[in-house]
Amino acid sequence: MKLKRVLKWSARAILLALILAFLVGFIAYWRSTNDCDRDTGAPANPMKAIVHCEYGSPDVLTLVNVEKPTPADKQVLVRVRAASVNPLDLTIRGPWLIRPILGMRKPKDTRLGVDYAGTVEAVGKNPAAAGQFKPGDEVFGAKNGALAEYVCVLADRAVVLKPPNITFEQAASVPVAAITALQGLRDKGKIQSGQKVLINGASGGVGTFAVQIAKSFGTEVTGVCSTRNVDLVRSIGADHVIDYTKEDFTKTDQRYDLIFDLVGNHSFSERRRILNPTGICVMAGIGGAGWHDGIGTRLAGELKAYVASRFVSEKFITYIATLNKADLQILGDLMQAGKVTPVIDRTYK
Ligand SMILES: NC(=O)c1ccc[n+]([C@@H]2O[C@H](COP(=O)([O-])OP(=O)(O)OC[C@H]3O[C@@H](n4cnc5c(N)ncnc54)[C@H](OP(=O)(O)O)[C@@H]3O)[C@@H](O)[C@H]2O)c1
């Protein structure tokens, strides 16, 4: 009798919580707005930027005039010479899972892009507060809204001098992808010289950096990619290349100390089988940009692997990269030393 009453009240509480959540979501959806809805008049000091007032396909992107930023104390104004796009920029499609953060009905932040390279045009009123930077310096870094003529960035954040042997286009391809590779291998994968490392998705934006960074740690690297990219992955230093259209890397006799997985298309047990008993699988991504078959299955598989690995000696770890100055500097040094060279697939003007 008592149990029946508890169940009845629990059902009522759950129903009430669901109605409340629906109401809050409904109100948040209709209240969601952005600066496209405000008539702020023509910018006094205009610059061009790519914006998206709505969620949707790349058709929602427009090139418009916005206010050119002015550097405050501790800030530098950078004239963007090149910017790159990442799977991260797919937020223009407004995935429902993250709309509570991005804006329910419309994107709160209408600007796009993160990675850039360019020239310092000005610093704030107090030049000493701009750290190492002065007008004319060539820099690269990460800042929201990088698909624009200018970005204004804090001097102590993710911005560093561009090595002279690297072009603006190459430098602009570095921040998100290379920091993801560096932090995944070094911080999560605990990479050590002499280890055997496998990189699944070795030919992509993150993978091409991962191959070179793993080599710079003195490891033996196996890259997995499709037929058309085999020569590319070998040319950036991979010791072995597996063409996934011809061979399944989980079905060989080889064992690895570290798997850096950017695709997530193999199960926990398949990957565990090719790991050494103290090996680590860093689950960094679920394949390239755009909607592709099996995204849901891959996400569920990675979650399952994370939980299952709590009960075995091999570790399966996931993470979100964080952009910072120290790691960008490490990457700048690796590029200057010729140990890492960005691979550019396509450029657009
Ligand atoms: N954890 C983080 O903080 C973080 C940060 C940035 C990115 N990511 C994630 O990392 C992933 C990769 O990003 P990206 O910028 O490198 O993407 P990308 O440039 O589009 O590269 C995707 C790669 O996946 C490869 N691939 C596709 N199907 C494959 C398969 N069946 N087996 C092996 N490789 C396969 C492709 O190789 P082929 O072209 O040779 O087929 C391509 O090299 C994405 O899921 C992204 O969301 C995570």
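One table, with the values for the structure above:
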| quantity | calculated |
| --- | --- |
| For the range 221-349, the Rg and Dmax computed from alpha carbons only, in angstrom | 16.3, 51 |
| Sorted by Cβ density within 10 Å, fewest first, the residues D345, D327 | D345, D327 |
| Computed [θ] at 222 nm, deg cm²/dmol, the chain (DSSP H ≥ 4; -39,500 (n - 2.57); rounded to nearest 500) | -8500 deg cm²/dmol |
| Given charges at beta-carbon only (K, R positive; D, E negative), |dipole| of the chain in Debye | 1500 debye |
| Sum of side-chain charges, G113 neighbourhood, beta-carbon under 10 Å (Lys, Arg +1; Asp, Glu -1) | 0 |
| Spatial separation of Cα centroids for the range 172-212 and the range 19-85, in angstrom | 32 Å |
| Dipole magnitude of the range 37-173 about its Cα centre (Cβ charges: Lys, Arg +1; Asp, Glu -1), debye to nearest 20 | 220 debye |
| Residue exposure sequence - S309, S216, S203, S193 - by fewest surrounding Cβ within 10 Å | S193, S216, S309, S203 |
| Restraint check, K48/K325; K48/K339; K74/K190; K106/K190; K190/K325; K48/K162, Cα-Cα greater than 31 Å | K48/K339; K74/K190; K106/K190 |
| FRET efficiency for S57 and K108, using Cβ-Cβ distance with R0 set to 22 Å, rounded to 0.05 | 0.65 |
| Cβ-Cβ FRET estimate between D248 and R228, R0 fixed at 22 Å, reported to 0.05 | 0.75 |
| Percent RCO, i.e. relative contact order, over the chain, from Cα pairs under 8 Å lying at least 6 residues apart | 15 percent |
| Virtual paramagnetic centre 7 Å along Cα→Cβ of S32, amide N under 12 Å, in the range 84-99 | 92-99 |
| Orientation-averaged projected area, Cα convex hull of the chain (nm²) | 22.8 nm² |
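Every read-out reported here was derived from the displayed coordinates using simple, explicitly stated rules and does not represent laboratory data. Quantities reported herein were computed from a predicted structural model and do not represent experimental measurements. Positions of Cβ are generated from backbone atoms using ideal geometry, with glycine treated the same way; all protein chains shown enter the neighbour counts.
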